[in-house]
Every structure is written in structure tokens, then in C-alpha cells.
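Novice: For reference, the structure I am asking about is given below.
Rule-based calculations on the coordinates, nothing more; no lab input. Please read all numbers here as calculations on a predicted model, not as lab measurements. Cβ placement follows ideal geometry from the backbone for every residue including glycine, while neighbour counts extend to all protein chains displayed.
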């Protein structure tokens, strides 16, 4: 049996973490000193994205996108605070992952309602394929890790998806962002599938 380990490619998210590590830790340290718990940040981020989804559904794209932009960094901040407090356990990571999915789906849900009201069913299909791709990106990683494989790779992780979707919403052109997401999220899911396949073959 060949147990050769495959080196995992670095992602854009890894790069951002290295660049903003000191800034993020400084902000997390401040919140920790004043007694803010990571769960509060997690819930605040979720509520922010749910509010953004409501604004988007009502056609207030700029406001909705701006709220989502503000709520986005909460995803990294809650983890940083949890590490400082020594509370970065498995259950906390589980809750964080679940709320991340809810936050992202709330934005897609807002866009789906918005396009339904405007009668653009073609755009509604773009939302559907973008949401499916985003879910599959997360699911393939979760399922792979449950089986002992690594799948933290790919073109569009959550950070990249937000960097495409939110600006598109803010400037009033979500359709362009959705075309990119509909194609590249599903491509990323296949990247992870083939990466897991490569690992399984290396262990045969």
C-alpha cells in the first residue's frame, strides 16, 4: 500500500489569512478584552446576512450588498476570538460551518425572490446553479474529511465566492456575478472530487 501524502495546494483564502493575520488577531484581542464571545460574533454575522437577504429580495441591492460586506469578516473574526479564548473546539467549528451555509444561502434566497419579482426566470436559474455549486463545494470538503481525505482546495472557496457575489450586488449587476459563480462553483466541486480521487489512488 502506498501511503504517500499529496501536498495540498494553497488557496487564495490561505493567502488572505497570512496577509491579515496580525490585523485580525488585533481586532479579536480587543473584542476578547471587552468580553465579546465568539458565539455572539457568529450570530451577529448570520443576522447581518439574513438582513442583507431581505434587502436584496426587496430590490435594495446596494444596501443589501453593503450589509453583507460588513457581515462577511465576522466569519473569520469569530474563529480568531475562539482561539484566543481556547474555545476552538469541534462543536464550535460545526456551528460556525452551519451558520456560514445559512448566511450564504440567505443571499442567494434574496436574489431568487428579487429575480422572481422581476420575472427573470433565466436569472433565477442562475441563482439555482450558483447555490447548488456553492453547497457542493462545501459538501465535498465535509464528506471528504469525514472519510479521512483532504479537500480544502479549489478555485472558489467561500471567500472568493463572496468577493465575486457581493460587489456584483452592490454595483447593481448581480447577473454577471451569478454567471461566474454558476460555472466556477461547480467547477470547484469537481476539482475537489478529482482531488479526493487522486488521494484514494495514492493509498492503493
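Novice: Who wins for biggest fluctuation among 143, 18, 85 in a Gaussian network model of the chain, springs between alpha carbons below 10 Å?
Specialist: 18
Novice: Considering only 146, 189, 28, give the residue with the highest GNM mean-square fluctuation for the chain, with springs between Cα atoms whenever their separation is below 10 Å.
Specialist: So, out of 146, 189, 28, the one fluctuating most is 146.
Novice: As a footprinting exposure proxy, order 108, 91 by other Cβ within 10 Å, with the fewest listed first.
Specialist: Going from least to most buried by this count: 91, 108.
Novice: Using a Gaussian network model of the chain whose springs link C-alpha atoms within less than 10 Å, name the residue from 114, 149, 162 with the highest mean-square fluctuation.
Specialist: Maximum among the listed residues: 149.
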